[in-house]
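Every read-out reported here was derived from the displayed coordinates using simple, explicitly stated rules and does not represent laboratory data. Computed from a predicted model, the values in this text were never measured in an experiment. Note that we place each Cβ from the backbone using ideal geometry, even for glycine, and neighbour counts take in every protein chain shown.
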């Protein structure tokens, strides 16, 4: 399988550094515009790595989550001037200018921080990532294992979600409504079965790793991962940019 | 033949459960055997598989007593990584047990864990893939494979570690009949040509019976029958009590047997059945 | 009841999964849709609940065009039982789980209670109504899923590989319930690759292969077409394969189960009178 792009070719740790740099930058950037730009840069990297199409569904999901987060928070902030009220008669659902601004920043920050994850996954073999963690970063085997488990399940989750969707739909639950509230309510019948099915499967994987002698000591590699000049350059660039953001 | 697996009075309780999953179980498997183990859901098949490969008691906690000895090693006293070289394990769900993204890497995984040098890995991968008949899939992505092919990759991954015994826990439960038969043929070949000892835990009796030399029936954590499959399939009451599959060909000849129209051994396959039916008709002067 | 008219479907990535499929399943029939994995079975199934819409042609269910009907409207007509009940169970009690469907149809209070009780009785779950579905075994969880579908009162029941991953006894129980529902007048569609199951329960079969409908008709007719079945990658049931040489010679008719074959062979060997004596009534 020839790697599809330069992004696939980078060492897993380089991509983790990139991801952490984006997280750091998102923490320190304050305005909606810089955060939007940061998010755009993540999308640009995905585009350059030829995985934008592949990660689009995941990005949509993250955007939905950020939107939910926005909705839950925006009514809670009472400071500032009221922009509008949802139910003026009862005085419920007040939205202020301060609330709008703060929640937009928070939602965008969340979006920018989480969007690197699908890109990371789409361009990295999860097993390579765990091996890199255990060997280069000396992460204990147990934590690395928990990571591989959750990483490996993302593509499987998508398949499972499809099955869950089909099953609930057959019970008359319409999940295609445009109504936002309805879509939120629809999350529970989907998320719960998905979670439980996933836990069961992660146990199988844990047992499979155990019976194949994983985590017993030093290991060798069929395809050794090398830290190449491109990795050094990319890591340096990420660190530099994150550093600049912090200083500014 | 030399004893390879010895389970002695083994009892196991999951967590705080008052009901034992395995109750005072005894089982001996000799080198070179192809043993089928069957029983309804909850009879203890999976627990037994986990006890054989050392996941019980190393990984899965619970209360236990008795001993499991594989190739002279007590599984409770031997680390899983050491047992991994002696017992190859294959599980039910073809997706959840695979760790890599392509076939070659998947088969290499156990070898990497053993810290084998790369030069030694390559011929072993080749050998294992050839043994299960998927050499041409070596560079394919796991995503592109069918369920049956994925299970063969899982078998190859276990074989690459050159185990003394292969323990498979319902490896065909997610597969269609063709996929099931492919896996069975591979197991037959491994047993006959490569003299590998195989323990197959499976409830598809019709699919399994023609391939195994011995069938062990579990019920509520105990061995309730242990005989060649032809013997077990004669025992209609046992099959019914355990809720086991009654393979159609054997079921038909058993009915003839009971009506006094047939007295030879029960055939297990369609081919054997045709031969027996022909013999019967010839004897009765029909055709 | 169910009519497909020149139904074709092409996935957005260009893969043509169904090619010009036409069939008609009448009210009260027990039909099996058979084919290997990748034959188009799953894609066709997704048309039954409107999850996919035909690229061309159409699928009519009880007069509803699936491409236009709303999810709840279709769910009222067609009940689905999928392979893994765990993909839908999420409520704390069996009763609530069964009530989920009727609630989505907009039913309330007494009517829901009535339907839950009735559906639970149909699948033999009455004593488990207050239990947590997670604590039940897989066979019972499968029945919970079936009850939750029956509670919506569908005339048509679609079973997608209902016995895969179940043990033999659980499989037989689910099929016995299905058979009882069929007797009460439900139209049943069984989607499977298990030919023994088809032989035992279905009346007619539709054979899918490579996205085409290769063959349809009564079971004995479909199963006698070895050539088409081979093309679809399917093996006829064991009893039919066993008797193939004698069927061609006209000695044994096309029976599908070991019990029926025993009857026939007894008659051949001992004559009708004797056979009648040794056969169970």
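Within 10 Å of each residue's Cβ, count the other Cβ atoms and sort C:193, B:139, B:58 from fewest upward.
Arranged by neighbour count, lowest to highest, C:193, B:139, B:58 become B:139, B:58, C:193.
To the nearest 500 deg cm²/dmol, what mean residue ellipticity at 222 nm is calculated for chain A from DSSP H runs of n ≥ 4 alone, each contributing -39,500 (n - 2.57), summed and divided by the residues?
-24000 deg cm²/dmol
Compute the relative contact order of chain A as a whole-number percentage, counting only Cα pairs closer than 8 Å that sit 6 or more residues apart in sequence.
For chain A, the relative contact order is 28 percent.
Counting helices only, and only those DSSP H runs with n ≥ 4, report the 222 nm mean residue ellipticity of chain B as the sum of -39,500 (n - 2.57) divided by its residues, in deg cm²/dmol to the nearest 500.
-11000 deg cm²/dmol
Taking square-rooted eigenvalues a ≥ b ≥ c of the alpha carbon gyration tensor, is segment A:15-145 rounded, prolate or oblate, where a/c under 1.5 means rounded and, failing that, a/b exceeding b/c means prolate? Spell out each step's value before the answer.
Working: a/c = 2.62, a/b = 2.31, b/c = 1.13.
Prolate is the answer for segment A:15-145, as a/c is 1.5 or above and a/b outweighs b/c.
Would you mind ranking A:50, A:15, C:77 by Cβ crowding within 10 Å, fewest neighbours first?
Starting with the residue having the fewest Cβ neighbours, the order is A:50, C:77, A:15.
Report the normalised scattering of chain A as log10 I(q)/I(0) at q = 0.18 Å⁻¹, calculated by the Debye formula with identical scatterers on the alpha carbons.
Relative scattering, expressed as log10 I(q)/I(0), comes to -1.43.
Roughly how many whole Å is it from the C-alpha centroid of segment B:102-167 to that of segment C:45-117?
Taking the Cα centre of each part, segment B:102-167 and segment C:45-117 sit 43 Å apart.
Would you please classify the overall shape of chain C from the alpha carbon gyration tensor, given that a ≥ b ≥ c denote the square roots of the eigenvalues, rounded means a/c under 1.5, and beyond that prolate means a/b larger than b/c while oblate covers the rest?
oblate
Show me C:35-47, C:129-141 ranked by packing, highest mean number of other Cβ atoms within 10 Å first.
C:35-47, C:129-141
When the helices in chain C are scored as -39500 (n - 2.57) per DSSP H run of 4 or longer and the sum is shared across all residues, what 222 nm value do you end up with, to the nearest 500 deg cm²/dmol?
That comes out to -13000 deg cm²/dmol.
Can you compute the radius of gyration and Dmax for segment B:3-229, using only the Cα atoms, both in Å?
In order Rg, Dmax, the Cα atoms of segment B:3-229 give 16.8, 51 Å.
If you count, for every residue in A:75-85, the Cβ atoms of partner chains within 10 Å of its Cβ, what is the mean?
Shielding by partners across A:75-85 averages 0.
For the protein assembly as shown, compute Rh as the Kirkwood radius over C-alpha pairs and then the Stokes-Einstein diffusion coefficient at 25 °C and 0.890 mPa s; write the answer in µm²/s, rounded to an integer.
The estimated diffusion coefficient comes to 83 µm²/s.
As a test, work out the antiparallel percent of DSSP beta bridges whose residues both lie in chain B, rounded to the nearest 5.
On the way: 22 of 39 bridges.
Counting only bridges with both partners in chain B, antiparallel ones make up about 55 percent.
If R₀ is 60 angstrom, what is the calculated FRET efficiency for the pair residue B:286 and residue A:27, using the beta carbon separation as r and rounding to 0.05?
0.10
If you average the alpha carbon positions of segment B:242-280 and of segment B:201-241, how far apart do those two centres end up, in angstrom?
Segment B:242-280 and segment B:201-241 have Cα centres spaced 16 Å from each other.
Is the C-alpha gyration tensor of segment B:186-287 telling us rounded, prolate or oblate? Criteria: a/c under 1.5 is rounded; beyond that, a/b larger than b/c is prolate, otherwise oblate. Can you show the working numbers first?
Numbers: a/c = 2.82, a/b = 1.41, b/c = 2.00.
Since a/c reaches 1.5 but b/c is at least a/b, the shape of segment B:186-287 is classed as oblate.
For residue A:68 and residue A:244, FRET efficiency with R0 = 30 Å and r from the beta-carbon atoms, rounded to 0.05? Intermediate results must be reported in sequence, preceding the final value.
On the way: r = 32 Å, r/R0 = 1.07.
My answer for the efficiency is 0.40.
Can you give me the C-alpha center-to-center distance between segment C:163-224 and segment A:25-87, rounded to a whole angstrom?
50 Å
Across the residues of B:272-278, average count of Cβ atoms on other protein chains within 10 Å?
Averaged over the peptide's residues, the number is 3.
Let me have the relative contact order for chain C, percent, based on Cα pairs under 8 Å that are six or more residues apart.
Value for chain C: 22 percent.
Relative to the longest principal axis of the C-alpha atoms of chain B, give the angle of the C-alpha long axis of helix B:103-113, reported between 0 and 90° and rounded to the nearest 10°.
Helix B:103-113 and the main axis of chain B meet at about 60 degrees.
Can you compute the modelled spin-label distance between residue C:15 and residue B:138, with each label point 7 Å from Cα toward Cβ, in nm?
Computed distance between label sites residue C:15 and residue B:138 equals 2.7 nm.
Helix A:97-123 versus the longest principal axis of chain A: what angle, 0 to 90°, nearest 10, using Cα atoms?
The angle comes out near 20 degrees.
Considering only segment C:2-235, what is the antiparallel percent among its DSSP beta bridges, to the nearest 5?
Just about 50 percent of them are antiparallel.
Can you list the equivalent-ellipsoid semi-axes of segment C:87-175, largest first and in whole Å, using the square root of 5 times each Cα gyration tensor eigenvalue?
Listed largest to smallest, the semi-axes of segment C:87-175 are 21, 14, 11 Å.
Can you compute the modelled spin-label distance between residue A:87 and residue C:110, with each label point 7 Å from Cα toward Cβ, in nm?
3.1 nm
How far is helix A:32-48 tilted, in degrees, relative to the longest principal axis of the Cα atoms in chain A, given as a value from 0 to 90 rounded to the nearest 10?
The angle comes out near 40 degrees.
Looking at the protein assembly as shown, what % of its DSSP beta bridges pair antiparallel, to the nearest 5?
Bridges in the protein assembly as shown are about 55 percent antiparallel.
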